[in-house]
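The values are calculated or read from the model by the stated rules, or taken from the named source; none is laboratory data. Worth saying up front: this structure is predicted, and the values here are computed from it rather than measured. Ideal geometry is used to build each Cβ from the backbone, glycine not excepted, and the neighbour counts take in all protein chains shown.
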Amino acid sequence: MIDVRGRWRPALAVLSAAALLTTGCAKSEDDPAAKATADSSAAVQTTKSAAAGGSTCTLQQFGGAKLDLKTASIGFSQSEKEANPFRIAETQSIKDEAAKLGIPAANLKVTNADSKFDKQITDVSTLIDQGVQLLVIAPLNSDGWDSVFQKAAAKKIPIVTIDRKINAKHCTDFLTFIGSDFYEQGKRAADKMAKALNNTGTVAILLGAPGNNVTTLRTNGFKEQLAKVAPNIKIEFEQTGQFSREEGQKVSEQLLQSKPNINGIYAENDEMALGAITALKGASKKAGDVKIVTIDGTKGAVQGIVDGWIFSVIESNPRFGPLAFGTATKFFDGEAIPENIIISDREYDSTNAAADLGLAY
């Protein structure tokens, strides 16, 4: 857990958006990491700890050297083009937190793979060659990182992954993963879809990009929960929209041609949902004719609730800067870091979308 002084301890804990909360502990009023987390609007809980059977990693175990982030060279690898509000907010959060900590702009090296995995591997390899001492990576894919691990391990460079997991060995290949519980997001989306359709009807799934754990877990969580809570809702269409608005529109146009009477659309991110809305308008559908449930929490999607086109949005918070740098600071100070740091996300529907639009990104 994280105690009132912001120290990792082996137990389950929760960092709320408004305060640092722990089991049996009061919030910290003077912990910079806690305040940074609160400012980011991200809640976090450590789901794998020593007490819970998960592993932790210390600087001594990893074999690296103590480092002051204010004087260190840090690399951040973004995976996708920053046309997506999620990626814009994610990168900006990293830059903002670095500036807040007094890290010189020249010491933060930022790359963007433009949604090309080969480029991301090259980007990270180049960052290592340039002498970075810490890597924060938003991975495009979960597999295929072996060459990076070998190169980083040889120089004892810790890797913090955000948003998506890398399939790798903890405390050898990477330090920690910071992100949402994607399976739980899928379950929550299923609950919202069941409510939207009164537990009966037909649904299409706009799948995210293949090759990463986000798509797999959001799909499995949705399907398994829907089967439990609303077995009379049938999934009649599944196709990848690549997490893209353009592809989401194209796939939805195909959907509406083959299944014109579909009742609901589950989009595995907001960009695809917004593309689906364009397709629905093109098919002369009215707001609310097809119930849309989506995941991310962008302003466009939350506005879609206000406008009646989207039923619910499950948030996936991209503001990882405070947690990424806060976790790295603890690690270099010798504290034990859990394998997974899972943030707890809010959700939006007709009851709060208008009032909470300013919290969206």
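In the range 304-333, what count of residues is obtained for those that are small (Gly, Ala, Ser), in a loop (DSSP other than H, G, I, E, B) and either assigned by TED's automatic domain parsing to the domain that holds Ile103 or closer than 25 Å to Val214 by Cα (or both)?
1
Listed residues Ile314, Ile342; which is of a type in the set (Val, Ile, Thr), buried (at least 17 other Cβ atoms within 10 Å of the Cβ) and farther than 29 Å from Leu255 by Cβ? Step through it out loud before you land on a result.
Details: Ile314 fails: farther than 29 Å from Leu255 by Cβ.
Result of the check over Ile314, Ile342: Ile342.
May I ask you to verify whether Gln150 is closer than 18 Å to Gly64 by Cα, in contact (Cβ under 8 Å) with a residue 60 or more places away in the chain, of a type in the set (S, T, N, Q) and in the same structural domain as Lys81 (by TED's automatic domain parsing)?
Considered against the rule, which asks whether it is closer than 18 Å to Gly64 by Cα, in contact (Cβ under 8 Å) with a residue 60 or more places away in the chain, of a type in the set (S, T, N, Q) and in the same structural domain as Lys81 (by TED's automatic domain parsing), Gln150 comes out as no.
Taking Ala283 as the residue in question, decide whether it is among the hydrophobic types (A, V, I, L, M, F, W, C), within 21 Å of Gln185 (Cβ to Cβ) and either out of contact with any Lys or Arg (no Cβ under 9 Å at 6 or more places or on another chain) or crowded, with 18+ Cβ neighbours inside 10 Å (or both).
Against the criterion (among the hydrophobic types (A, V, I, L, M, F, W, C), within 21 Å of Gln185 (Cβ to Cβ) and either out of contact with any Lys or Arg (no Cβ under 9 Å at 6 or more places or on another chain) or crowded, with 18+ Cβ neighbours inside 10 Å (or both)), Ala283 does not qualify.
Count, please, the residues in the range 286-311 that happen to be among the small types (Gly, Ala, Ser), in contact (Cβ under 8 Å) with a residue 40 or more places away in the chain and surrounded by fewer than 24 Cβ atoms within 10 Å (Cβ to Cβ).
Of the range 286-311, the ones among the small types (Gly, Ala, Ser) are 287-288, 297, 300-301, 304, 308.
Now drop any that are not in contact (Cβ under 8 Å) with a residue 40 or more places away in the chain, which leaves 297, 300-301.
Now narrow it down to the ones that are surrounded by fewer than 24 Cβ atoms within 10 Å (Cβ to Cβ): 300.
Summing the residues that are among the small types (Gly, Ala, Ser), in contact (Cβ under 8 Å) with a residue 40 or more places away in the chain and surrounded by fewer than 24 Cβ atoms within 10 Å (Cβ to Cβ) in the range 286-311 gives 1.
Of all residues in the range 250-282 being of a type in the set (Asp, Glu) and assigned to a helix (DSSP H, G or I), which is farthest from Lys223 (Cα to Cα)?
Here the answer is Glu253.
Here is a yes/no grid of residues against (1) under 15 Å from the mean Cα position of the chain (by Cα); (2) acidic (Asp, Glu); (3) assigned by TED's automatic domain parsing to the domain that holds Asn263; (4) surrounded by fewer than 16 Cβ atoms within 10 Å (Cβ to Cβ):
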site: Ile205; (1), (2), (3), (4): no, no, yes, no
site: Pro210; (1), (2), (3), (4): no, no, yes, yes
site: Val214; (1), (2), (3), (4): yes, no, yes, no
site: Gly221; (1), (2), (3), (4): no, no, yes, no
site: Lys228; (1), (2), (3), (4): no, no, yes, yes
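Give the range 230-249 a look and list any residue that's buried (at least 18 other Cβ atoms within 10 Å of the Cβ) and assigned to a helix (DSSP H, G or I), or say none.
Scanning the range 230-249 gives Arg245, Glu247, Gly248, Gln249.
For the range 85-122, what are the residues that are outside any helix (DSSP H, G or I), among the charged types (D, E, K, R) and closer than 22 Å to Leu69 by Cβ?
Lys109
Can you report the number of residues in the range 84-102 which are over 16 Å from the mean Cα position of the chain (by Cα) and either surrounded by 20 or more Cβ atoms within 10 Å (Cβ to Cβ) or free of Cβ contacts under 8 Å to residues at least 60 places away in the same chain (or both)?
Count: 4.
Please state which one of Asn199, Asn141 is more than 20 Å from Ser55 (Cβ to Cβ), of a type in the set (S, T, N, Q), assigned to a loop (DSSP other than H, G, I, E, B) and at pLDDT 95 or above.
Numbers: Asn141 fails: at pLDDT 95 or above.
Of the residues listed, the single one that is more than 20 Å from Ser55 (Cβ to Cβ), of a type in the set (S, T, N, Q), assigned to a loop (DSSP other than H, G, I, E, B) and at pLDDT 95 or above is Asn199.
Which of (1) farther than 24 Å from Gln61 by Cβ; (2) touching a strand residue (DSSP E or B) at 6+ places or on another chain (Cβ under 8 Å); (3) aliphatic (A, V, I, L, M) does Leu140 not meet, given it meets every other one?
The one condition Leu140 does not meet is (2).
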